[in-house]
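Heads up: the structure comes next, in structure tokens.
The values are calculated or read from the model by the stated rules, or taken from the named source; none is laboratory data. All values derive from a computational prediction rather than experimental measurement. Cβ coordinates were reconstructed from backbone atoms using ideal geometry, including for glycine residues, and neighbour counts include every protein chain displayed.
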Amino acid sequence: MSELASSGRQQSRMTYLITGARPCGEDAADILVEDGRIAAVGEGLSAPGAEVLDAAGLVVLPGLVDLHTHLREPGREDAETVETGSRAAALGGYTAVHAMANTDPVADTAGVVEQVWRLGEQAGLVDVVPVGAVTVGLRGDRLAELGAMADSAARVRVFSDDGHCVSDPALMRRALEYVKALDGVVAQHAEEPRLTVGAQMHEGDRSARLGLTGWPAAAEEAIIARDVLLAGHVGARLHVCHVSTAGSVEILRWAKSRGVQVTAEVTPHHLLLTDECAEGYDPVFKVNPPLRTDADVEALRAGLAEGVIDAVATDHAPHAVEDKETEWASARPGMLGLEQALSVVVATMVETGLLDWRGVADRMSVRPAAIGRLDGHGRPLAPGEPANLLLLDPGRRAVVDPAALASRSRNSPYAGRELPGRVVHTFLRGVPTVLDGKAQR
Ligand SMILES: [Zn+2]
């Protein structure tokens, strides 16, 4: 630990001259990183004594910000720890991740969110930003200590019972009122639980044929419709987790056109995969909300391109082997995401012409940082700004090998799939967390 800390301090004193990279895909420039900040951006920079990184052909983006990561610590350190999840995040180009509250114990007090925040500081690979539970124990019957979590060292601004929906409308209204006063946001896992009892996959022709209980699109859309009305009534900010259906995109578009302060995220897997993946009953593809149809994927991509969906968030959900390598019905829902998220966005949004690199920066860094009220992330690549950035080789394609992942778990839905884009370097406040594709601690 002390050795790592001292090497971190040593690195932080170093000056880096990144040459020939393309900021947000535009014309190549040099970037000088000094004292944790971007000191200069321009052509033909020189800096005697600086470590020079030849970045010709690489795209440089602001460090990614994830609104939705399950780090599993405390409680399920066999599946992931704050440190292993932070390493996976840095390798994926992230400089900040929001750690979801469904740990054991649940992050519903100042004590637990401070514990998670400190573990993140110790790992030192990304800023770990704890999410606070909305209700005590995620049980949905009374509000947690929202103000105490907001005032804690962890400075919680995002509150979520993710994994569970805050389904009681009166309690959701009160949560929105409290969180509004904290300049925070309620991130809702939109699932009307009475419509998804025993659900195993998307409800449609395929679920009927496979004999698996369906999770209807209406169970998501009904909650989103209710919540945008509540958020509009209260005048509070609402964020919708992992939007998965075309109908949800329509409701969000309507709500935004009416001035409701609602934001939404989509996961990489919902941008790429469909319920066809359930055909082989391989539980690696079991996830909540479930993989939907081709038409939903198309609507989600269009919604993200249009900006109706604000952000890509991973819902990185590591699971131990015994929870995942079992029969479909008993397997836990969830899949890994941090290390492949940017590659999936390149494949689904950039190579399809739906988003340019500036759009990728907006949906994966700028807007998520704004939603989470994070200082120092999602900032322009400009002199004086904190040097939180990543360098990507967009042309490099590779086949995903779960055994090579930094996550402690192996439940990647992309195993064996060739994806474009390799994160080469990541910098957190001027310190390289990843160099040449290798984590630095
Ligand atoms: Zn969820």
- Search region 203-216 for residues being touching a residue at least 24 places away in the same chain (Cβ under 8 Å) and away from the ligand (no atom under 15 Å from the Cβ), and hand back the single one that is surrounded by the most Cβ atoms within 10 Å (Cβ to Cβ). Leu212
- Among the numbered criteria (1) more than 22 Å from the chain's Cα centre (by Cα); (2) outside any helix (DSSP H, G or I); (3) surrounded by fewer than 17 Cβ atoms within 10 Å (Cβ to Cβ), which single criterion is violated by Arg194? (2)
- Query: Here are some conditions: (1) more than 16 Å from the ligand (Cβ to nearest atom); (2) part of a helix (DSSP H, G or I); (3) hydrophobic (A, V, I, L, M, F, W, C). Ala219 meets all but one. Which one does it not meet?
  - Reply: (1)
- Task: Quickly run through region 34-74 and pick out the residues that are part of a strand (DSSP E or B), surrounded by 17 or more Cβ atoms within 10 Å (Cβ to Cβ) and of a type in the set (Asp, Glu).
- Result: Glu34, Asp66
- Message: Can you go through Asp162, Asp141 and tell me which one is within 15 Å of the ligand (Cβ to nearest atom), in contact with a strand residue (DSSP E or B) (Cβ under 8 Å, 6 or more places away or on another chain) and acidic (Asp, Glu)?
- Response: Asp162
- Return yes or no: is Arg258 in the same structural domain as Ala302 (by TED's automatic domain parsing), more than 16 Å from the ligand (Cβ to nearest atom) and within 24 Å of Val65 (Cα to Cα)? no
- Message: Out of the residues in region 100-109 meeting the condition of being within 16 Å of the ligand (Cβ to nearest atom) and over 11 Å from Pro74 (Cβ atoms), tell me which one is surrounded by the fewest Cβ atoms within 10 Å (Cβ to Cβ).
- Response: Asn102
- Task: Return a yes/no flag: does region 165-174 have any residue that is in the same structural domain as Lys324 (by TED's automatic domain parsing), part of a loop (DSSP other than H, G, I, E, B), touching a strand residue (DSSP E or B) at 6+ places or on another chain (Cβ under 8 Å) and modelled with pLDDT of 95 or more.
- Result: yes
- Of all strands (runs of 3 or more DSSP E) completely enclosed by region 383-441, which ones contain at least 3 residues that are surrounded by fewer than 18 Cβ atoms within 10 Å (Cβ to Cβ)? 389-399
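Yes or no, residue by residue, for (1) in contact with a Gly (Cβ under 9 Å, 6 or more places away or on another chain); (2) free of Cβ contacts under 8 Å to residues at least 24 places away in the same chain; (3) closer than 16 Å to Ala218 by Cβ:
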{"position": "Ala246", "(1), (2), (3)": "yes, no, yes"}
{"position": "Leu252", "(1), (2), (3)": "yes, no, yes"}
{"position": "Val262", "(1), (2), (3)": "yes, no, no"}
{"position": "Tyr281", "(1), (2), (3)": "no, no, no"}
{"position": "Val287", "(1), (2), (3)": "yes, no, no"}
{"position": "Arg292", "(1), (2), (3)": "yes, no, yes"}
- Does Val131 satisfy the condition of being hydrophobic (A, V, I, L, M, F, W, C), within 16 Å of the ligand (Cβ to nearest atom) and modelled with pLDDT of 95 or more? yes
- Query: Yes or no: Val97 part of a helix (DSSP H, G or I) and not assigned by TED's automatic domain parsing to the domain that holds Asn388?
  - Reply: no
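Please find, within region 144-159, the residue that is farthest from the ligand (Cβ to nearest atom) out of those that are part of a helix (DSSP H, G or I) and either hydrophobic (A, V, I, L, M, F, W, C) or touching a residue at least 60 places away in the same chain (Cβ under 8 Å) (or both).
The qualifying residue farthest from the ligand (Cβ to nearest atom) is Ala148.
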- Query: Right, Thr326: in the same structural domain as Val243 (by TED's automatic domain parsing), polar (S, T, N, Q), modelled with pLDDT under 95 and more than 20 Å from the chain's Cα centre (by Cα) or not?
  - Reply: yes
- With criteria (1) crowded, with 22+ Cβ neighbours inside 10 Å; (2) part of a loop (DSSP other than H, G, I, E, B); (3) within 16 Å of the ligand (Cβ to nearest atom), Ala199 comes up short on (1)
